[in-house]
Amino acid sequence: MSTDEEIRRGQEERLAAAWATPKGWRYWSAVNNSEVGLWYTIVAFVFFLFAGVLALMMRAQLAVPDNDLLSADLYNQVFTLHGSVMMFLFGVPIFEAFSILIMPQMLAARDLPFPRLSAYGFWSFLIGGTFVCGSIFFGAAPKGGWFMYPPLTTEYQDDIGVDVWLLGLSFIELASIAAAVELIVGILKCRPPGMRINMMPLYAWYILVVAAMILFAFPPLIAGDLLFEMERAFDWPFFDVERGGDPLLWQHLFWIFGHPEVYIIFLPAIALVATMVPTFARRPLVGYSWIVLAAVGTGFISFGLWVHHMYTTGLPAISLGFFSGASVAVAIPTGVQIFCFIATVLVGRAVASVPMLFVSGALAVFVMGGLTGVMVALAPFDFQVHDSYFIVAHLHYVLVGGVVLPVLGGIHYFFPFVASKKLSDSLGRVSFWLVFAGFNLAFFPMHISGLRGMPRRVFTYPEGYGWDVLNLLSSIGALILAAGFLVFLVDIVKTVAFGSISERNPWQAGTMEWLPTIPNPAWGVRTVPLVESRYPLWDQKDIVATYDRGGFFLPDAEEGKRETLVTGTIDAEPLQCLRVPGPTWLTHVAAAGTGGVFIFSTFHWWWMAIASGLVGLGFVLAWLWTGTATIPEKPEKDVGLGVTLPLYASGPKSVGWWAMFITMLGDMAAFSGLVFGYYFFWTIHENFPPEGTVGPGWRWPVLALALLLAAWALTLAARILNGRGHRTGFFVALPLAMALAVAGALALAAGPWFTGLDPTVNSYAATVWVLVVWTNFHLAAGLLMQGYCIARAAVGKLTPTYDIDIHNVALYWHFAAVTAVVTVATIAGFPLVD
Amino acid sequence: MEDRADIFGRRTPRRLRADLGSLFLIAAAPTIWAAHFLLCYVTAAIWCARIAGRDGSLDGARLLVAAYTAAALAGIAVIARSGWRRHTYGGQATVPHARATAEDRYRFLGFATLLLATLSFVATLLVAMPALFVETCR
């Protein structure tokens with residue numbers, strides 16, 4: 001055996017040991033993207049099938065007029081859960097799951113930068129999703145429709161279902177945001193050397209845009225959920241008209257989330273199309289920059305569409321006009337990408353395949369849904385079809401064409417990557433045609449039943465309205481569609497059980513997820529390649545051979561640690577060798593503890609909720625303490641090809657700093673939702689604050705602000721002092737900052753408290769209190785972080801050189817200070833100027 | 001800062017040095033679109049709810065919308081010009097800007113900026129158009 005081969009074998013043994021997947025029952029403690037991504041995908045797909053069964057129950061009930069298969073109450077639960085599960089437990093999670101699974105290999109990274117965060121997100125998703133879905137087996141499922149409009153859900157539904165929806169789904173939204181942070185940092189900081197931003201796979205561009213959208217779309221809904229739950233649990237009247245609230249505030253907050261949500265689930269599916277089309281056209285995608293335009297443009301414009309769900313709420317015509325204009329504008333970027341796909345197929349040498357069959361079907365169905373979308377974007381047309389089956393038809397054409405069919409195509413395409421085996425071509429074609437034909441038979445007639453006046457969400461209808469035959473056709477179509485899925489499942493089971501191992505790069509694709517061998521060892525990538533093309537497997541001649549002999553970066557794991565590269569955001573120059581943590585059970589308990597807060601609160605078991613929250617918090621702290629900002633045994637190491645990189649980086653150079661920054665942007669979006677509530681009430685009321693209200697005055701809030709800004713400045717000072725080696729200064733400044741923060745939080749609450757503002761009396765008092773509570777909650781978190789830094793410094797885990805923790809905490813405090821300034825300016829300043 | 005060789009041993013001219021600003025530039029025009037959109041919406045909402053009343057005239061608000069639109073379009077045009085300059089850097093405006101060089105990365109970000117500015121320009125006009133036709137708060 002030659003020396004070269006010995007070296008190579010030694011490297012592979014060390015890599016395999018460092019990245020080994022745990023065996024036996026410990027398998028479930030894995031945090032690596034290949035395991036967590038796979039579980040995530042499977043669970044999201046199981047929820048999809050569950051919601052599909054609910055849909056079949058609805059179609060069975062509606063097959064004939066005056067049917068009594070399902071009671072009205074059960075039907076309400078079924079349609080609410082169908083919509084909510086499809087949107088929150090399938091639409092968003094499936095893309096995050098898929099991306100966690102394939103993104104690292106697409107970027108030739110060994111893992112995403114925060115594997116334990118992915119694991120925490122997955123276990124949270126599993127717990128929350130099971131809780132929400134399980135409620136229907138106890139007759140306790142939500143039944144207010146997937147958008148939960150008050151006053152239906154505040155005054156007429158006092159059972160637990162609404163709380164299950166609000167709290168269960170809020171918990172899952174947190175998991176979604178965690179995954180979004182992970183994906184953004186992964187795409188910006190973990191690309192292979194050479195992959196400048198103009199070389200990124202289009203899939204990564206789309207996911208970057210979508211993750212950013214999640215960051216700004218989900219938080220307003222979380223803010224809305226908070227207001228809603230405060231009203232239901234503590235009688236704070238945000239949506240109660242009698243006491244100055246307004247149900248329209250919920251509609252605004254819901255749809256500021258709800259419309260971008262449609263694009264949040266559509267763009268990743270189109271990203272799959274943009275990944276598959278070049279492979280089967282055997283050429284680079286036409287119009288790379290145009291696709292970037294489409295992704296970024298849609299990302300922005302989709303936030304200007306929310307009122308088109310509220311055309312019939314009586315807003316002034318001019319407001320409807322603005323939203324109608326934006327709704328037409330969004331068709332431009334959406335259309336551009338479809339033309340790019342068509343052009344690529346036309347100029348390439350298209351190869352027929354099952355994934356391409358699904359892609360073609362997807363484009364046909366989606367274009368149809370897009371066209372009815374432009375119709376309903378026009379307010380006068382929408383007045384006619386609002387809340388009718390026409391809308392049901394439109395949204396299913398968009399979502400099935402824009403999400404379900406591309407995902408099915410994507411599963412066919414990536415099956416060899418995940419399971420090392422190829423799905424059957426013949427069964428794939430059978431399942432496609434059943435799904436495609438069944439879908440059109442089920443949903444096309446709904447356009448007509450809608451135009452004939454059939455309202456959505458009715459559990460039955462009398463015969464003779466001209467709806468009977470159309471509904472029967474829809475139900476037959478739904479059965480055929482289900483048969484298509486059955487064939488698809490049979491294919492999966494058959495392939496996993498009896499299929500043979502696929503050859504390497506079975507589709508002859510050009511992107512890097514197909515570089516590894518099949519099956520791929522647990523290390524993910526053998527060595528991190530140097531990238532010089534958008535399609536390296538097509539253009540870089542020796543890449544496979546060099547990869548196989550470990551000829552690029554990080555071919556070894558000399559210290560037995562899990563390592564991947566961190567590179568520059570724009571030009572992907574190597575910056576750091578990042579060590580990522582391995583298997584753990586801490587994330588499971590942390591997820592269960594957090595889940596307990598939401599689940600126990602549903603039943604108003606407050607002490608249990610608090611206890612559960614403390615357990616969750618304790619385990620999060622243990623996870624941070626043992627697994628993050630670890631001081632390496634040496635400052636830097638040789639990563640191959642003559643490059644030496646540091647093993648530790650803090651401040652804007654560290655991935656943790658980026659994660660904190662991005663998370664806090666999302667936090668600011670939620671806070672904006674609450675502040676929006678205050679100014680929304682101001683615009684709709686003659687007097688806001690109401691006549692005779694004194695609180696909270698300006699003295700206490702201004703005092704609070706002064707104390708809090710001092711706390712912020714001292715936190716910043718502590719960071720700078722630590723960096724300069726003034727340990728004593730650090731140990732004086734940070735405890736002082738904590739004391740000032742406590743005093744500031746108390747002063748902030750003192751304003752409304754001493755002026756006797758009662759949050760249950762009117763919407764003004766409730767809004768002031770919710771801003772104070774929100775700010776103080778952030779101060780409490782800030783205090784905990786300051787204490788954490790003091791403890792880390794005391795035991796030598798935070799030093800002048802190794803100072804990630806205090807950098808991230810100071811960054812957090814910048815945002816906490818902004819929160820305090822805006823809160824005080826709103827509750828104390830605005831009544832003075834108004 | 002002196003020129004520094006990149007990972008392929010090529011030197012990057014100072015002007016092309018990577019900075020986050022060039023990434024944020026592609027989002028500048030859509031951000032102007034968003035600001036214009038929000039201003040139009042908030043102005044009309046406050047005008048109709050607190051100033052003119054539900055049956056009142058929109059005239060003042062329409063003038064404001066016109067002013068916002070003129071300012072937004074001018075801002076977007078400036079960004080488009082900057083995008084065009086970057087796109088044609090070195091006299092080579094040849095898409096797809098797919099080479100692994102700092103020059104092509106610079107040109108690509110310029111082209112993406114230009115495309116997004118064009119979209120934002122059209123979208124701003126589409127959003128402003130209702131103010132041409134709607135005369136009252138009804």
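Every number in this text was worked out from the coordinates using simple rules, so none of it is lab data. Keep in mind the model is a prediction, meaning the values are calculated, not measured. Note that we place each Cβ from the backbone using ideal geometry, even for glycine, and neighbour counts take in every protein chain shown.
Give the residues of region A:29-54 that are farther than 30 Å from residue A:438 by Cα and in contact (Cβ under 8 Å) with a residue 24 or more places away in the chain, sorted by residue number. Even if it seems obvious, please write down each step before you answer.
So the first thing to find is which residues in region A:29-54 are farther than 30 Å from residue A:438 by Cα, and the list is A:29-37.
Selection gives A:29, A:30, A:31, A:32, A:33, A:34, A:36, A:37.
Would you point out the residue of region A:236-247, among those that are on the phi < 0 side of the Ramachandran plot and in contact with a Phe, Trp or Tyr (Cβ under 8 Å, 6 or more places away or on another chain), that is surrounded by the fewest Cβ atoms within 10 Å (Cβ to Cβ)?
Across region A:236-247, the extreme among qualifying residues is A:247.
So which of A:175, A:179, A:223, A:233 is surrounded by fewer than 23 Cβ atoms within 10 Å (Cβ to Cβ) and more than 14 Å from chain B (Cβ to nearest Cβ)?
A:233
Consider residue A:747 carefully, then state whether it is in contact with a Ser or Thr (Cβ under 8 Å, 6 or more places away or on another chain) and hydrophobic (A, V, I, L, M, F, W, C). Quick ask: steps written out before the conclusion?
On the way: in contact with a Ser or Thr (Cβ under 8 Å, 6 or more places away or on another chain): no; hydrophobic (A, V, I, L, M, F, W, C): yes.
Judged against the criteria, residue A:747 is not a match.
Restricting attention to region A:479-487, does a residue exist that is part of a helix (DSSP H, G or I), buried (at least 19 other Cβ atoms within 10 Å of the Cβ) and touching a His at 6+ places or on another chain (Cβ under 6 Å)?
No, because not a single residue in region A:479-487 is part of a helix (DSSP H, G or I), buried (at least 19 other Cβ atoms within 10 Å of the Cβ) and touching a His at 6+ places or on another chain (Cβ under 6 Å).
When you check residue A:506 against the structure, is it away from every other protein chain (no Cβ under 14 Å), of a type outside the set (Val, Ile, Thr), out of contact with any helix residue (DSSP H, G or I) (no Cβ under 7 Å at 6 or more places or on another chain) and part of a loop (DSSP other than H, G, I, E, B), yes or no?
It is false that residue A:506 is away from every other protein chain (no Cβ under 14 Å), of a type outside the set (Val, Ile, Thr), out of contact with any helix residue (DSSP H, G or I) (no Cβ under 7 Å at 6 or more places or on another chain) and part of a loop (DSSP other than H, G, I, E, B).
Yes/no matrix, rows are residues, columns are (1) of a type in the set (Val, Ile, Thr); (2) under 21 Å from residue A:220 (Cβ atoms):
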| residue | (1), (2) |
| --- | --- |
| A:253 | no, yes |
| A:277 | yes, no |
| A:337 | no, no |
| A:341 | no, no |
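Can you name the residue in region A:444-460 that is free of Cβ contacts under 8 Å to residues at least 24 places away in the same chain and not in a helix (DSSP H, G or I) and is also farthest from residue A:76 (Cα to Cα) among such residues?
Here the answer is A:452.
Specify which of the listed residues (B:94, B:69) is under 13 Å from the mean Cα position of the chain (by Cα), among the hydroxyl-bearing types (Ser, Thr, Tyr) and either more than 9 Å from chain A (Cβ to nearest Cβ) or under 25 Å from residue A:330 (Cβ atoms) (or both).
B:69
Out of A:671, A:676, A:680, I need the residue that is farther than 24 Å from residue A:34 by Cα and over 24 Å from the mean Cα position of the chain (by Cα). Which one?
After ruling out the rest, the residue left standing is A:680.
Please determine whether any residue of region A:380-400 is within 16 Å of residue A:488 (Cα to Cα), surrounded by 19 or more Cβ atoms within 10 Å (Cβ to Cβ) and not aliphatic (A, V, I, L, M).
No, region A:380-400 contains no residue that is within 16 Å of residue A:488 (Cα to Cα), surrounded by 19 or more Cβ atoms within 10 Å (Cβ to Cβ) and not aliphatic (A, V, I, L, M).
Looking at region A:781-800, can you tell me whether even one residue there is surrounded by 21 or more Cβ atoms within 10 Å (Cβ to Cβ) and β-branched (Val, Ile, Thr)?
Scanning region A:781-800, I find no residue that is surrounded by 21 or more Cβ atoms within 10 Å (Cβ to Cβ) and β-branched (Val, Ile, Thr), so the answer is no.
Residues of region B:97-138 being over 17 Å from the mean Cα position of the chain (by Cα), under 17 Å from residue B:70 (Cα atoms) and within 9 Å of chain A (Cβ to nearest Cβ), which ones?
Listed by number, the residues that qualify are B:129, B:130, B:131.
I'm trying to understand the selection: among the residues of region B:60-112, which are closer than 26 Å to residue A:539 by Cα and hydroxyl-bearing (Ser, Thr, Tyr)?
The answer is B:88, B:89, B:94, B:101, B:106.
Condition check: within 7 Å of chain A (Cβ to nearest Cβ) and of a type in the set (Gly, Ala, Ser). Does residue B:45 satisfy that?
Working: within 7 Å of chain A (Cβ to nearest Cβ): yes; of a type in the set (Gly, Ala, Ser): yes.
Yes.
Would you say residue A:585 is surrounded by fewer than 18 Cβ atoms within 10 Å (Cβ to Cβ) and away from every other protein chain (no Cβ under 14 Å)? It would help to see each step written out before you state the result.
Details: surrounded by fewer than 18 Cβ atoms within 10 Å (Cβ to Cβ): yes; away from every other protein chain (no Cβ under 14 Å): yes.
When the stated conditions are applied, residue A:585 passes them.
Looking at (1) away from chain B (no Cβ under 14 Å); (2) outside any loop (DSSP other than H, G, I, E, B), which one does residue A:565 not meet, given that it meets all the others?
Failed condition: (1).
Considering only region A:525-546, how many residues are in a loop (DSSP other than H, G, I, E, B) and either closer than 14 Å to residue A:194 by Cβ or facing chain B (nearest Cβ under 10 Å) (or both)?
Start the filter on region A:525-546 by keeping residues that are in a loop (DSSP other than H, G, I, E, B), which leaves A:525-527, A:529-535, A:540-542.
The next check asks that each one be either closer than 14 Å to residue A:194 by Cβ or facing chain B (nearest Cβ under 10 Å) (or both); those that pass are A:527, A:529-535, A:540.
Qualifying residue count for the region: 9.
Only one of these is out of contact with any strand residue (DSSP E or B) (no Cβ under 6 Å at 6 or more places or on another chain) and not in a helix (DSSP H, G or I): A:434, A:423. Name it.
When all the criteria are applied, what remains is A:423.
What residue, among those in region A:306-346 that are within 15 Å of residue A:278 (Cβ to Cβ), away from every other protein chain (no Cβ under 13 Å) and in contact (Cβ under 8 Å) with a residue 60 or more places away in the chain, is farthest from the chain's Cα centre (by Cα)?
Among those that are within 15 Å of residue A:278 (Cβ to Cβ), away from every other protein chain (no Cβ under 13 Å) and in contact (Cβ under 8 Å) with a residue 60 or more places away in the chain, it is A:345.
What's the number of the condition residue A:746 fails, among (1) more than 25 Å from residue A:628 (Cα to Cα); (2) surrounded by 20 or more Cβ atoms within 10 Å (Cβ to Cβ)?
Against the list (1) more than 25 Å from residue A:628 (Cα to Cα); (2) surrounded by 20 or more Cβ atoms within 10 Å (Cβ to Cβ), residue A:746 comes up short only on (2).
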